[in-house]
Amino acid sequence: MTQIILTSDQSRLFASATDGVVFCDDSGNVIVRVPSALTGDEAAIVAEAKRRLASNQPRRASAEVLARLGSREPR
């Protein structure tokens, strides 16, 4: 794995970023975007999605659900 050592100023900026970081080369071209850490609510949503995916409950494809909803008569 390639290791890149940040200067102390770069490390401080990276550690204090609250809305993600964009790494660019010396010409300003984006190399990589690092999103911000998940909030507590976002982490809970991800955990719930993972829990549901791990269950053995029956699943429906979104196309199946949309087709079924589209076939319903309007009230």
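The values are calculated or read from the model by the stated rules, or taken from the named source; none is laboratory data. In this text the structure is predicted, and so the values were computed from the model without any measurement. Cβ sites come from the backbone with ideal geometry, for glycine too, and all protein chains shown count toward neighbours.
Looking at segment 53-60, is at least one residue part of a helix (DSSP H, G or I), surrounded by 10 or more Cβ atoms within 10 Å (Cβ to Cβ) and free of Cβ contacts under 8 Å to residues at least 40 places away in the same chain?
no
So that you can scan it fast, the table gives a plain yes or no per residue for (1) modelled with pLDDT of 90 or more; (2) in a helix (DSSP H, G or I); (3) among the aliphatic types (A, V, I, L, M):
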| residue | (1), (2), (3) |
| --- | --- |
| M1 | yes, no, yes |
| I5 | yes, no, yes |
| L13 | yes, yes, yes |
| T18 | no, no, no |
| F23 | yes, no, no |
| S27 | yes, no, no |
| V32 | yes, no, yes |
| A37 | no, no, yes |
| D41 | yes, yes, no |
